[in-house]
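Enquirer: Would you mind keeping the following structure in view while I ask a few things?
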Amino acid sequence: MKLTFHYIRIYWTGIVLVMALKLLSAFSELMLPYILEHLIDNVVPQGNVTAICLWGVAMILSAVATWQLNLHANQMSVDNAHKVAYDLRRDLFHKTIYLSGSQFDTFGLPSLTSRMTSDSYNVQNFVRTLQTLCVRAPIILLGGILVTLTMDLVLSSILCCLVPILMVVVIGISRKGIPLYNDVQRRLDDVVRAMRENITGIRVVKALSKTEYEKRRFRNYNQAMTRSDMRTSALMAFPGPFMQLCLNVGLTLVVFVGATRVNSGAMKPGVILAFLTYFNMILQSIMAINRMFMMVSKATASADRIGQVLDAPEDLKVLPEAEVPGDSSAFISFSHVNFSYHAHQGTAEDFSGGAPELCLKDISFQLNRGQSLGIIGPTGCGKTTIVNLLMRFYDPDSGSVCIDGRDVRTYPKEELRRKFGVVFQNDVVFQDTLSHNISFGRDFSQAQLRSAIVDAMAAEFIDRLDDGLEYMAQIKGANLSGGQKQRIFISRALAGSPDILILDDASSALDYKTDSLLRKAIGEHHKDSATILIAQRVSSVMSMTNILVMDNGQCIGYGNHETLLKTCPAYRAIYETQMGSLC
């Protein structure tokens, strides 16, 4: 909860004001039974109508004051809670955006989503509840007990016996609730992940007739979360009925003992009525404290999950150039690079208990400005991992990656990323105009945008649209074909005239003619860029300056097309398989 109070301190003046209003409303509410007791036992027997009316007006004023104070306090508490939640979500989103690749892999997208939504909402409810109940409920509890002690010690003893029992139950149950709520949120992560996977891959699910299979898989996650939630709810629901039982037993004892004492002349009738009211107020305040402890348990679990993200140490720190030697022999240089994703995710042991299997093994190559590098190989051989290291989404386990004579670890992230124009294997179209999808917040002129879409072969279909670049793309480009989306991605990458152009399987949805024209346009209009092209088709890489052939994380061939046909059996086999009909 330290995290939550850090954000609360920012709005402490408004929160203190809410608590002050709640304090006044609690005192005003405590006055009502006391006035009622005085009116019945002291004023009414005198028969003074004026005095009776004045005390009646006093009760009305006290009730109105309580209502108005609570109304304004509740409104302000909601406003303060929203401000705290806004700041929390803002910082959580900011931190999430800057997580390293390994940190993002560790938390996972579904978990980050639920922390941003349900967990932040739990904290917001806690902040609102904290302001309204943490003052009123204790004041009503303690104030009510003190007032009843001045009225009748015998009846007060009933309260003094019940309250400690109730408080022990509330605190004990609440302490057990925190780990249970943690488990509920973890189960919710599983549900969110399953739902997201099915929504994203709905076409695959339907195409393979796996609807019933996915329904069963989702039901398992949903049932696990439901069972966890039911266990938690059952435990946390126990104090409510138990308190109600104590309330009813206590009220029965108060009525019985009070009636006996009134009958014997030991106390006045008004005391019983006031005492019953105070008794109800005190028990209700204990129930409010129980709700507050339940909210604290849930918010503590949620705040801990949010804190894990916000407190995640800064990863991929920028290193001084003096500590990390560069390589000025080429514009881009990989030197004996080894890398494993598992080592960065904290699951470093394989089944034999040894070191994790490397995704990249002793990778070395160089690329100058104006040159191009094609990377080809089977799925999972490490092609995209090379790009991840070049853009410093991860750091290599050993070896070095250098750009323009400097190790990438010495570049500030924004300076490094400005050098790239990139199309990822699973890129995304945002729900926005095509113009904004291509510029993506960068200040490009219309001439620059036009040049980019022409080079990317996107002008062909954009010019046929009624709105042109102002055409509104739907979520994930649902109203665009696969080839159209890829050309939008390539336009986005080319728009900034990058120093390094990376195309990761960017032309898989393009026909051979469009692919050929695209490579020709890039070669003519982006001569100064170093181009890295990851592809499955030999026809896409055979014109590259050099080609890197990958298999199982290793370089098994390096050179131009003609050289590899002579020296690399794997490359020759791919060529003959794909191009045999054309030879």
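The values are calculated or read from the model by the stated rules, or taken from the named source; none is laboratory data. Since the model is a prediction, treat every value here as computed from it, not as a measurement. Cβ sites come from the backbone with ideal geometry, for glycine too, and all protein chains shown count toward neighbours. The accessibility values were calculated without ligands, DNA or RNA, using every heavy atom of the protein model including side chains. Shrake-Rupley method; radii C 1.70, N 1.55, O 1.52, S 1.80 Å.
Enquirer: When only residues in region 86-102 that are of a type in the set (Phe, Trp, Tyr) and part of a helix (DSSP H, G or I) count, which is most open to solvent (accessible area, probe 1.4 Å)?
Expert: Filtering region 86-102 for residues that are of a type in the set (Phe, Trp, Tyr) and part of a helix (DSSP H, G or I), the one most open to solvent (accessible area, probe 1.4 Å) comes out as Tyr86.
Enquirer: Next question. Taking the options Ala535, Ala570, Ala530, name whichever one is among the small types (Gly, Ala, Ser) and over 22 Å from Phe334 (Cα atoms).
Expert: Criteria check complete, one pass: Ala570.
Matching residues to (1) closer than 30 Å to Lys317 by Cβ; (2) in contact (Cβ under 8 Å) with a residue 12 or more places away in the chain; (3) part of a helix (DSSP H, G or I):
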position: Tyr7; (1), (2), (3): yes, yes, yes
position: Met19; (1), (2), (3): no, yes, yes
position: Ser28; (1), (2), (3): no, yes, yes
position: Asp41; (1), (2), (3): no, yes, yes
position: Gln68; (1), (2), (3): no, no, yes
position: Asp105; (1), (2), (3): yes, yes, yes
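Enquirer: Another question, if that's okay. Can you name every residue in region 290-309 that is open to solvent by less than 10 Å² (accessible area, probe 1.4 Å) and of a type in the set (A, V, I, L, M)?
Expert: Ala299, Ala301, Ala303, Ile306, Val309, listed by residue number.
Enquirer: Just a yes or no: is a residue in region 310-328 at negative phi, out of contact with any Gly (no Cβ under 7 Å at 6 or more places or on another chain), surrounded by fewer than 21 Cβ atoms within 10 Å (Cβ to Cβ) and in a helix (DSSP H, G or I)?
Expert: yes
Enquirer: Separate question: Residue by residue through region 68-89, note down the ones that are closer than 14 Å to Thr4 by Cα and not aliphatic (A, V, I, L, M).
Expert: Matches in region 68-89: Asn80, His82, Lys83, Tyr86, Asp87, Arg89.
Enquirer: Further question on the same structure: If you go through region 158-178, how many residues are touching a Ser or Thr at 6+ places or on another chain (Cβ under 9 Å), of a type outside the set (A, V, I, L, M, F, W, C) and modelled with pLDDT of 75 or more?
Expert: Adding up the residues that qualify gives 1.
Enquirer: Could I ask something else about it? Of the residues that sit in region 59-80 and are open to solvent by 30 Å² or more (accessible area, probe 1.4 Å) and of a type in the set (Gly, Ala, Ser), which one is farthest from Leu39 (Cα to Cα)?
Expert: So the residue we want is Ala65.
Enquirer: Let me ask something else about it. Of the conditions (1) open to solvent by 10 Å² or more (accessible area, probe 1.4 Å); (2) touching a residue at least 24 places away in the same chain (Cβ under 8 Å); (3) within 21 Å of Gly496 (Cα to Cα); (4) more than 24 Å from the chain's Cα centre (by Cα), Lys413 satisfies every one except a single condition; which number is it?
Expert: (4)
Enquirer: Restricting to region 436-466, give me the number of residues that are open to solvent by less than 10 Å² (accessible area, probe 1.4 Å) and either in contact with an Asp or Glu (Cβ under 6 Å, 6 or more places away or on another chain) or free of Cβ contacts under 8 Å to residues at least 60 places away in the same chain (or both).
Expert: Counting residues in region 436-466 that are open to solvent by less than 10 Å² (accessible area, probe 1.4 Å) and either in contact with an Asp or Glu (Cβ under 6 Å, 6 or more places away or on another chain) or free of Cβ contacts under 8 Å to residues at least 60 places away in the same chain (or both) gives 8.
Enquirer: Residue pairs, Cβ under 7 Å, 6 or more apart or interchain, first in region 526-553 and closer than 13 Å to Ala570 by Cα and at pLDDT 85 or above, second surrounded by fewer than 17 Cβ atoms within 10 Å (Cβ to Cβ) and of a type in the set (S, T, N, Q). List them.
Expert: Val538/Gln578; Ile547/Asn560
Enquirer: Looking at Arg409, Arg369, Arg392, which is the one that is at pLDDT 90 or above, in a loop (DSSP other than H, G, I, E, B) and touching an Asp or Glu at 6+ places or on another chain (Cβ under 7 Å)?
Expert: It is Arg369.
Enquirer: Counting residues that are more than 24 Å from Thr385 (Cα to Cα), open to solvent by 10 Å² or more (accessible area, probe 1.4 Å) and of a type in the set (A, V, I, L, M, F, W, C), which strands (runs of 3 or more DSSP E) fully inside region 512-576 reach at least 1?
Expert: Counting at least 1 such residues, we get no strands (runs of 3 or more DSSP E) at all.
Enquirer: Taking region 180-208 as the search range and keeping residues that are farther than 16 Å from Asn220 by Cα and of a type in the set (Lys, Arg), which one is most open to solvent (accessible area, probe 1.4 Å)?
Expert: The qualifying residue most open to solvent (accessible area, probe 1.4 Å) is Arg203.
Enquirer: Within the bounds of region 236-249, is there any residue that is touching an Asp or Glu at 6+ places or on another chain (Cβ under 9 Å), open to solvent by less than 70 Å² (accessible area, probe 1.4 Å) and either assigned to a loop (DSSP other than H, G, I, E, B) or in contact (Cβ under 8 Å) with a residue 24 or more places away in the chain (or both)?
Expert: no
Enquirer: Looking at this structure, is Ile272 open to solvent by less than 50 Å² (accessible area, probe 1.4 Å), within 19 Å of Leu130 (Cα to Cα), assigned to a helix (DSSP H, G or I) and among the β-branched types (Val, Ile, Thr)?
Expert: Spelling it out, it is not the case that Ile272 is open to solvent by less than 50 Å² (accessible area, probe 1.4 Å), within 19 Å of Leu130 (Cα to Cα), assigned to a helix (DSSP H, G or I) and among the β-branched types (Val, Ile, Thr).
Enquirer: What about Lys83, is it closer than 25 Å to Leu188 by Cα and either in contact with a Gly (Cβ under 7 Å, 6 or more places away or on another chain) or open to solvent by 20 Å² or more (accessible area, probe 1.4 Å) (or both)?
Expert: Judged against the criteria, Lys83 is not a match.
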